[in-house]
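Comments concern the structure below.
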Amino acid sequence: MMYLKCSCRRAFMAAILATALRLSLSALSSEDEVFMPNQPDAVPTFLIIGTAKGGTTDLFEQLTSETVNLDPNRPDPPLPHKPKKEAGLLSRGGIDASKMLPQRLQYIEYLRLLRHPCGNATKGTFQECIVTNATKQFTLDATPTYFFSAVAPLYLRELSSLSKIVMMIREPVERAEVLYRHYVLAEGRWPDQSIDDLATDFFKAIKTEKGVVPVLQRAANCSFGDVFCLANSWRDISGLSLMDSLENKLFAAGMYRYALAVWRYHYFRPGRVLVVDSHAYFERRADVMETVIRFLYGRPMLPSERKHAASGEVWRKVVIPSLPKLTLSPPVRQQLSEFYEQHVMRGMFKMLSDMRDEGAWLVGFDGEPWRRCPGFMEFNAAAKPKPSLVASEVMEAAARRF
């Protein structure tokens, strides 16, 4: 009888654990419940990428500010004091991937740029340092250039398959306008050229430069769910002479759907990528930061984090003045909108929906300026409800009963 009782108990526990496992696997598609702890060999721990003028600098400041990073109530390892925002090593040309392996020169260089606690370890002490110190401090790299690099996800895969990625996306026409304004007012570029001039030259280059039209057409013809085709398309686009000039990159880098596919195909893993709608971030930063903190650290926001996120203006958010030189004219704006409609908007919500099903976290994309995009209603209607009891809670409840 005792044996039968124990057998029943083990069978019941097995059923409970099996249920918990099914819940945990199904939770991979629920961005609000999944947390995967960071590992010592995740280098960097966190990577912020996305469009320029999409909020990457502000998010970097939110995470590294002393107000929150040195909060005595913070349960997480700290980020380095004043880390370098844009290490940029993964998008450099001419990197030998074999030298990005642990303990090779470029790997150590990257650790130093990230202020990693083992950045100054010797070859003889490196392994011991990783084992004993790597989890005592988080590392952070943040730059828009990685998003549009066809090689950065490949280099990062050589370093780590466990880094958490935060990607920020802004409506492409608005992004081009704001970025142009930054270059003109902050860096003094193009004093005699309006944004209309640059856009007109961009479309002229598409028509006249050899090979551009067929490459773009092949990209546009990829089916919305064919990640391999989309990723290869961005590789081909990145190799065009069209991309050699900053003027053309100002507009070409707005083709998010292709650039996103490269990261999705080569690097993304369930539970380790968060895609942020920049517009939602700008308009309700504290609420969006709640999801960011939960994604990065697996916990609710601290009071200091919420207060910091809710205070003041968003860093580097630019409101465009109504000056003709800095603002697109209606005909050119329409031409750009049609270009991005073909190369971004038509398949973007299909891409986001598929990523969500694969375990990506997403926040925003539920209002303007996305409402008119194909698939908007279906994407938001299909958002999965939060499970009422996650796997860990099921197992804890079962353990308490025995």
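A short reminder: the numbers here are calculations on the coordinates, not readings from a lab. In this text, all values refer to a predicted model and were calculated from it rather than measured experimentally. Neighbour counts are summed over all protein chains in view; Cβ atoms, including those assigned to glycine, are modelled from backbone coordinates with ideal geometry.
Spin-label pair Tyr265-Lys84: with each label point 7 Å from Cα along the Cα-Cβ axis, the two points sit 3.0 nm from one another. Remark: the stretch 172-188, residue by residue, has Karplus-estimated 3J(HN,Hα) of x, 5, 4, 4, 4, 5, 5, 5, 4, 4, 4, 4, 6, 7, 8, 10, x Hz, where x stands for each Gly or Pro and the curve is 6.51 cos²θ - 1.76 cosθ + 1.60 at θ = phi - 60°. The HN-Hα couplings worked out from phi for the stretch 297-313 by the Karplus form 6.51 cos²θ - 1.76 cosθ + 1.60 (θ = phi - 60°) are 10, x, 8, x, 5, 6, x, 5, 5, 5, 4, 5, 5, 8, 9, x, 8 Hz, whole numbers, x standing for Gly and Pro.
With 21 Å as the limit, the listed pairs Lys84/Lys164; Lys53/Lys84; Lys85/Lys350; Lys53/Lys325; Lys85/Lys123; Lys210/Lys249 have Lys85/Lys350; Lys85/Lys123 beyond it between alpha carbons. Percent of C-alpha pairs per 10 Å bin in the stretch 32-395, short distances first: 5, 23, 33, 26, 11, 2, 0.
For the stretch 138-222, the list of chymotrypsin sites (Phe, Trp or Tyr not before Pro) that fall in a loop by DSSP and count at most 15 other C-beta atoms within 10 angstrom is empty. Return the FRET efficiency for the residue pair Ser161, Asp197: r is the Cβ-Cβ distance, R0 is 45 Å, and the value is rounded to the nearest 0.05. For Ser161 and Asp197, the calculated efficiency is 0.55. Computing FRET efficiency as 1/(1 + (r/R0)^6) for Ala382 and Met243, where r is the C-beta to C-beta distance and R0 is 25 Å, gives about 0.10.
The stretch between Val131 and Glu66, if pulled fully straight at 0.36 nm per residue, gains 20.7 nm over its current Cα-Cα span.
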